[in-house]
Amino acid sequence: MKQENSNKPKYEIIKEDILAQIRKNDFSYSEPLCTEKQLSEQYQVSRITAKHALADLEQMGVLYRKRGVGSFVAPNAANHLNRLTPPKYLPSKMVSFLLPFDITKGGMFKTVEVVNNVLNANGYMMSIYVSGAKEKSNLRLLLSQNLSGLIYYPERDKIHLELLNEFVFMNIPIIVIDKTTDCPYIHNIVSDNFAGGRLLGEHLIQLGHRNITFFTTAPLEETSTVRNRFAGFLHALQEGGIQPNSSNFVYYPHKLTEEECLAPSSGPLQDTLRTLYQRGTTAIIAENDRVAQLIQLACHSMGIRIPEDISLCGFDNDDAIRSLDITTIGQNFSRMGQEIGRIFTESMNNPNYPIQKITIPVELFSRSSTKEPRTLS
């Protein structure tokens, strides 16, 4: 098999070479035609790309595999080849959106809606995958699909670059959203999380708060979104003449649930909030709106009043937080969707379209969950 120069994805080149070899009758039914390892070395591609090509040929009925031995030409391969038209690469019209959570939660639904409308208007369709704890395996699955683009919302900063590179090698545009990445060949769109943290800090300081705590369930070293929010908050403290100390930050390494927040008996969350209150904390900035909502539930069950005893802020401005009247930072999810759609339509029309790194402005929404601090004895 001989590799040819082509702009086609490499797995398509491999498939066409194998089909040409079979058409020439250049094989033996009793010997393996190839293995993933051989193809990977010959074509200088990953095992994933080689496996993609072999899996397609298996599905066509041309090859079958024996575990640990290799791929063999199927006995009825000639019949399948006779029904095949000459190989032709058909560009995909499908863009996949991979998220770590259900899009019905929070404002990301608006982003998805806008992206879908832009893609549809340009003749493309969109599929949605919720990765949960299977982010890496879902990326592998998407590699086997015939995609024209990938929108990737990683749960943490680790973006599995070894897999994203496979999309790059197949000339599939990738946009990483929400988490900051400095990878110079992948598009990146994020909200201005630093400005959001700064705006919340400035708002509370203007109200007279000095003892403010940033509360997160996400490890800062793994989550650029929250790390940048905390950095903006620290900047506001320093600009306000407040020397930051350990009381300004709480990392709560547990997943919060409504059951835990409403539990009649004291638990780790209640102990943490009680300690903050007793130490003189008068305001809490939660990493996002969902955490703020659960802190509000826990405080209510403990008899800690919001905002009379502790002011509370979130981040995202989703529907639930608006109904609870909690001060928050609004992300422009519609603008994010517009930018995603623009990048895809322009990059698909122009192979030399430059990589985009976009930061979208945010807005402070001051509501009744924040007021002047209680008087400390």
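With the requirement that a residue be part of a helix (DSSP H, G or I), open to solvent by less than 10 Å² (accessible area, probe 1.4 Å) and among the aliphatic types (A, V, I, L, M), what does the stretch 128-177 give you? Across the stretch 128-177, the qualifying residues are LEU139, LEU142, LEU143, LEU163, LEU164.
From the list ALA231, ALA236, the lone residue that is within 30 Å of the chain's Cα centre (by Cα) and within 24 Å of ILE177 (Cβ to Cβ) is ALA231. With respect to the conditions (1) touching a residue at least 40 places away in the same chain (Cβ under 8 Å); (2) open to solvent by 10 Å² or more (accessible area, probe 1.4 Å); (3) not β-branched (Val, Ile, Thr), LEU204 lacks only one, and its number is (2). The residues of the stretch 178-201 that are surrounded by fewer than 22 Cβ atoms within 10 Å (Cβ to Cβ) and of a type in the set (Gly, Ala, Ser) amount to a single one, ALA195. Candidates LEU98, LEU39: the one that is closer than 24 Å to LEU150 by Cα, within 34 Å of the chain's Cα centre (by Cα) and modelled with pLDDT of 85 or more is LEU98.
Taking (1) open to solvent by 50 Å² or more (accessible area, probe 1.4 Å); (2) assigned to a strand (DSSP E or B); (3) within 16 Å of ILE284 (Cα to Cα) in turn, ASP325 satisfies each apart from (2). When residues in the stretch 98-117 are screened for being out of contact with any strand residue (DSSP E or B) (no Cβ under 8 Å at 6 or more places or on another chain) and open to solvent by 40 Å² or more (accessible area, probe 1.4 Å), 6 of them pass. Consider the stretch 118-127 and keep the residues that are touching a residue at least 24 places away in the same chain (Cβ under 8 Å) and closer than 23 Å to PRO351 by Cβ. The one that is most open to solvent (accessible area, probe 1.4 Å) is MET125.
For (1) assigned to a helix (DSSP H, G or I); (2) in contact (Cβ under 8 Å) with a residue 12 or more places away in the chain; (3) among the basic types (Lys, Arg); (4) open to solvent by 10 Å² or more (accessible area, probe 1.4 Å), each residue gets a yes or a no:
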site: GLU31; (1), (2), (3), (4): no, yes, no, yes
site: GLN42; (1), (2), (3), (4): yes, yes, no, yes
site: VAL45; (1), (2), (3), (4): no, yes, no, yes
site: THR49; (1), (2), (3), (4): yes, yes, no, yes
site: ALA53; (1), (2), (3), (4): yes, yes, no, no
site: LEU57; (1), (2), (3), (4): yes, yes, no, no
site: TYR64; (1), (2), (3), (4): no, no, no, yes
site: LEU81; (1), (2), (3), (4): yes, yes, no, yes
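When GLU258, GLU287 are checked against the criterion of being among the acidic types (Asp, Glu), within 29 Å of the chain's Cα centre (by Cα) and surrounded by 15 or more Cβ atoms within 10 Å (Cβ to Cβ), GLU287 stands alone in meeting it. Being modelled with pLDDT of 95 or more and under 24 Å from CYS183 (Cα atoms) holds for only one residue in ILE360, ILE285, ILE295, ILE329, and it is ILE360. Annotation note: of LEU312, LEU376, LEU294, LEU273, the sole residue that is within 23 Å of GLY201 (Cβ to Cβ), open to solvent by 50 Å² or more (accessible area, probe 1.4 Å) and among the aliphatic types (A, V, I, L, M) is LEU376. A residue that is free of Cβ contacts under 8 Å to residues at least 60 places away in the same chain, over 30 Å from ILE48 (Cβ atoms) and not in a strand (DSSP E or B) occurs nowhere in the stretch 179-186. Taking the stretch 335-360 as the range and being farther than 8 Å from ILE189 by Cα, open to solvent by 20 Å² or more (accessible area, probe 1.4 Å) and β-branched (Val, Ile, Thr) as the test, the residues that pass are THR345, ILE355.
Comparison of PHE249, PHE233 shows that the only residue that is under 26 Å from VAL362 (Cβ atoms) and open to solvent by 20 Å² or more (accessible area, probe 1.4 Å) is PHE249. Checked against (1) assigned to a helix (DSSP H, G or I); (2) among the aliphatic types (A, V, I, L, M); (3) buried (at least 19 other Cβ atoms within 10 Å of the Cβ), ILE306 passes all but condition (1). Scoring ILE189 on the criteria (1) in contact with a helix residue (DSSP H, G or I) (Cβ under 7 Å, 6 or more places away or on another chain); (2) in a helix (DSSP H, G or I); (3) under 21 Å from GLU363 (Cβ atoms); (4) touching a residue at least 40 places away in the same chain (Cβ under 8 Å) leaves a single failure, condition (2).
From the list THR282, THR257, THR275, exactly one residue is in contact with a Lys or Arg (Cβ under 8 Å, 6 or more places away or on another chain) and either in contact (Cβ under 8 Å) with a residue 24 or more places away in the chain or over 22 Å from TYR153 (Cα atoms) (or both). Which is it? Only one candidate passes the filter, namely THR282.
The values are calculated or read from the model by the stated rules, or taken from the named source; none is laboratory data. Keep in mind it's a predicted model, so treat the numbers as computed, not measured. Virtual Cβ from ideal backbone geometry, glycine too; neighbours counted across all protein chains shown. Quick note on the areas: whole protein, heavy atoms, side chains included, nothing else; ligands and nucleic acids left out. Shrake-Rupley method; radii C 1.70, N 1.55, O 1.52, S 1.80 Å.
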